[in-house]
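Have a look at the structure below, then the notes.
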Amino acid sequence: MRKLLFVGSALAIVLASFNVIADGKATYDASCAACHVAGVAGAPKVGDSAAWKDRVAQGMDTMVEHAIKGYQGKAGYMPPKGGFANLSDDQVKEAVAYMVENSK
Ligand code: HEC
């Protein structure tokens, strides 16, 4: 029984993280891809692991904060929430998770 519970909760965690990535993809496609697919204005391209390595090293919290509040970096200007003020902080966070997951 205990084993079953363990398997059940492990599965729930896997499914939950899968959901985050799936939601993140939708937000990414709609709001972030415009710059982050082609590297417009210095945006790190999703899938370019070299471009993300140092960013990932800062930690997820810093990257998420930069994505939510916007920031001027060495490569260019990342607008707050990519310019989509209607996005919730959680949606932006999910999109960052999706981008990082696909840039390893
Ligand atoms: C108008 C173009 C543009 C859009 C749209 C855009 N970004 Fe960016 N983003 C940038 C640029 C340029 C940088 C690089 C800034 C630098 O480091 O010099 C960047 C950097 C980032 C980083 C790296 C932050 C860090 O700390 O290194 C993350 C994460 C990010 N963007 C997430 C997002 C998310 C999530 C969205 C959609 C909600 C999005 N971006 C939409 C231009 C954009």
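Scanning for something more than 19 Å from GLU94 (Cα to Cα) and of a type in the set (Ser, Thr, Tyr), does the range 65-77 turn up at least one residue?
Yes, that holds for at least one residue.
Quickly run through the range 64-76 and pick out the residues that are within 6 Å of the ligand (Cβ to nearest atom) and either part of a loop (DSSP other than H, G, I, E, B) or without any contact (Cβ under 8 Å) to a residue 24 or more places away in the chain (or both).
Result: HIS66, GLY73, LYS74, ALA75, GLY76.
Taking the range 36-58 as the search range and keeping residues that are more than 15 Å from TYR98 (Cα to Cα), within 8 Å of the ligand (Cβ to nearest atom) and in a helix (DSSP H, G or I), which one is least open to solvent (accessible area, probe 1.4 Å)?
GLY42
Out of all the residues in the range 77-97, which are open to solvent by 30 Å² or more (accessible area, probe 1.4 Å) and more than 7 Å from the ligand (Cβ to nearest atom)?
Scanning the range 77-97 gives PRO80, ALA85, ASN86, SER88, ASP89, ASP90, GLN91, LYS93, GLU94.
Could you count how many residues in the range 28-57 are on the phi > 0 side of the Ramachandran plot and touching a residue at least 40 places away in the same chain (Cβ under 8 Å)?
1
The values are calculated or read from the model by the stated rules, or taken from the named source; none is laboratory data. Quick caveat: nothing in here was measured; it's all calculated off a predicted structure. Here Cβ is always computed from backbone atoms with ideal geometry, including for glycine, and neighbour counts include all displayed protein chains. Heads up: the accessible areas ignore ligands, DNA and RNA and are worked out on the full protein's heavy atoms, side chains in. Shrake-Rupley method; radii C 1.70, N 1.55, O 1.52, S 1.80 Å.
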